[in-house]
Amino acid sequence: MKYDVKNLGLAGKGRLRIEWANEYMNVLTLVRKHFKKEKPLKGLKIAACLHVTTETANLVYTLKEGGADVVLCASNPLSTQDDVAASLVKDFKIPAFAIKGEDNKTYYSHINSALDTKPNITMDDGADLVSTVQKSRADLVRYIIGGTEETTTGVIRLKSLEKQKMLRYPIIAVNEALTKHLFDNRYGTGQSTIDGIVRATNVLLSGSNFVVCGYGWCGRGLAMRARGMGANVTIVEIDPLKALEAVMDGYTVAPIKDACKKADVIVTLTGDINVIRKEHFETMKDGTIVANSGHFNVEIDIPALEKIAVKKRTVRDFVEEYTLKSGKRVNLLGEGRLINLASAEGHPASVMDMSFANQALACEYIAKNYKKLERKVYEVPEFIDKNIAKLKLESLGVKIDTLTEEQKKYLESWEMGT
Ligand code: ADE
């Protein structure tokens, strides 16, 4: 078995942590039981390019139990948990290609190693497998029956491929499932981003000026949690509707150039490029903490910061202090990579449970339906999404009501008014 991990000696710790996460992944555990019995993925090779975390380990193990041959590579150079990668190889016999802190060349060589297995299904978080197949491995298209995509940024890239009629095989956009983005993006990102910032800096959020760039589901989650910690939260948005929601949710809304001047902590989660630029760094207060929790490390213009800085030093793990000509300092966290996975452990298992149940069931759906699917980006079928919500509620011990016959009838009719 080929693999590339930091140190197999870390496997023991990784295994314990994987087991710990599994305790909180009840829906995925049910899927695993079903997979073990029915083997819906038998004979299929799956290449997964995901953040290599304890939660991901439980997902790839589930796919293996479903009969698939699985290989895993990292979807970000800084998000890998080396003990998990080691345990996957040693204990689960699942090949992993991932080392925390790997350079860009190694990152893409790991992606290519995963693709060398000639997968039938690609599973992406950010669309790097699909885009690598597109750019340089088109010969593999003939083996591929479909793919899945985990995140907003990946779905945007794939829809752009679809629009240009360049998408080579069907994709299920797992991010679009309600049981994914309403929970993972909102509550997962909200908590784990605060966790990452606090672990990296140990800063007190109470009373701080905390700026959130982007009021999508991730931004909303972060704003909500920062407010909960006692911060004064300002939202930066370009979409009038989202900005209006932020206003009515009780936040200050301001353009980035104004928000930057007062910020103690500023976080990007927009999915777009160069949100924080040279002119913004120059007007920040001394010691401003700048972090990103969006998928790619493009939201903060780091090359511009490097250029205007007269001095740079690592002051703590995951904290680079840049001193500008004026003498003011900017503290950049985690090289501008997603801080929730760089300095913390990513979203908690209980929320990844639903995201990854969607991933596993989307694979089963592809295996059963690929002949009917076109080269399009599809949503997760509603029956899968609803079932995951139902199972999650059950696992949490929460009971809900059902409609009476009279209520059902009322909803289907138009005759009755006041
Ligand atoms: N994305 C965000 N958090 C994650 C986690 N814990 N595992 C895998 N992918 C993630």
What distance in nm lies between label points placed 7 Å from Cα along the C-beta direction at K261 and K105? 4.6
So, R0 is 41 Å and r is the distance between the beta-carbons of V310 and K135; what FRET efficiency does that work out to, to 0.05? 0.60
For D249, placing the label point 7 angstrom along Cα-to-beta-carbon and taking the stretch 192-212, residues whose amide nitrogen sits under 12 Å are 212
Given the Cα-Cα distance of K33 and Q407 and 0.36 nm per residue of separation, how much length would full extension add, in nm? 131.0 nm
I need the P(r) histogram for the stretch 47-177: all alpha carbon pairs, bin width 10 Å from 0 out to the longest distance, whole percents. 14, 47, 34, 6, 0
Scattering profile of the stretch 356-418 at q = 0.17, 0.27, 0.30 Å⁻¹ [log10 I(q)/I(0), Debye over alpha-carbon scatterers]: -0.79, -1.14, -1.28
From the square roots a ≥ b ≥ c of the eigenvalues of the alpha-carbon gyration tensor of the stretch 187-242, which class results: rounded (a/c under 1.5), prolate (a/b over b/c), or oblate? prolate
Taking the alpha-carbon centre of each part, the distance from the stretch 358-418 to the stretch 129-183 in Å is 23
Among K312, K325, what is the fewest-to-most ranking by other Cβ atoms within 10 Å? K325, K312
Against the rule of thumb 2.2 N^0.38 Å, how large the Cα Rg of the stretch 243-305 comes out: 1.13
Positive dipole terminus of the stretch 360-417, leading residue within L411, F383, A362 (C-beta point charges): A362
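Quick one: dipole size for the chain, taken about the Cα centre, charges +1 on Lys/Arg Cβ and -1 on Asp/Glu Cβ, in debye to the nearest 20.
In debye, rounded to 20, the chain gives about 960.
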List the GluC sites (Glu not before Pro) within the stretch 352-418 that DSSP assigns to loop and that have no more than 11 neighbouring Cβ atoms inside 10 Å. E374, E415
Taking K257 as the anchor, which aspartates and glutamates have their alpha carbon closer than 20 Å to its alpha carbon, excluding any fewer than eight residues away along the same chain? E237, D239, D272, E279, E282, D286, E299, D301, E306
Cα-projected label distance for R277 with T323, points at 7 Å along beta-carbon direction, nm: 2.8
Between N202 and K93, with labels modelled 7 Å along Cα→Cβ, what's the label distance in nm to one decimal, could you check? 4.5
I need M25, M284, M229 ordered by Cβ neighbour count within 10 Å, fewest first. M229, M284, M25
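Once a ≥ b ≥ c are taken as the square roots of the eigenvalues of the Cα gyration tensor of the stretch 278-418, is the result rounded (a/c under 1.5), prolate (a/b larger than b/c) or oblate (a/b not larger than b/c)?
Verdict is prolate for the stretch 278-418.
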Pick out, from S87, I197, L182, the residue whose Cα sits farthest towards the positive end of the charge dipole of the stretch 53-204, with +1 on the Cβ of Lys and Arg and -1 on the Cβ of Asp and Glu. L182
Rounded if a/c is under 1.5, else prolate if a/b beats b/c, else oblate: with a ≥ b ≥ c from the C-alpha gyration tensor eigenvalues square-rooted, which is the stretch 247-355? oblate
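With +1 on the Cβ of every Lys and Arg and -1 on the Cβ of every Asp and Glu, and nothing else charged, how large is the dipole of the stretch 260-418 about its Cα centre, in debye rounded to the nearest 20?
760
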Within straight cross-link reach of K311, meaning Cα distance under 22 Å, which lysines are found once same-chain residues fewer than 8 apart are removed? K261, K278, K285, K325, K328
Karplus couplings for the stretch 130-139 from phi (6.51 cos²θ - 1.76 cosθ + 1.60, θ = phi - 60°), rounded to Hz, Gly and Pro as x? 4, 5, 5, 4, 4, 7, 9, 10, 4, 4
Proxy reagent accessibility, fewest Cβ within 10 Å first, across S192, S208: S208, S192
Once phi for every residue in the stretch 394-410 is put through the Karplus expression 6.51 cos²θ - 1.76 cosθ + 1.60 (θ = phi - 60°), the whole-Hz ³J(HN,Hα) values, with Gly and Pro written as x, are 4, 5, 8, x, 9, 9, 10, 8, 10, 5, 6, 4, 4, 5, 4, 4, 4
Long-range amide H contacts for K45: which residues qualify at under 5 Å (H placed 1.01 Å from N, peptide plane, sequence gap of 5 or more or a different chain)? D69, N120, I121
Along principal axes, Cα extents of the chain, largest first, whole Å: 70, 65, 44
How many angstrom lie between the Cα centre of the stretch 36-108 and the Cα centre of the stretch 277-305? 32
Could you let me know the centre-to-centre spacing of the stretch 193-228 and the stretch 313-340, using Cα atoms, in angstrom? 17
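Read-outs throughout are calculated quantities, based only on the coordinates presented, and are distinct from any laboratory measurement. Everything quoted here is computed from the prediction, not taken from an experiment. Heads up, the Cβs are rebuilt from the backbone with ideal geometry, glycines too, and the neighbour counts pull from every protein chain shown.
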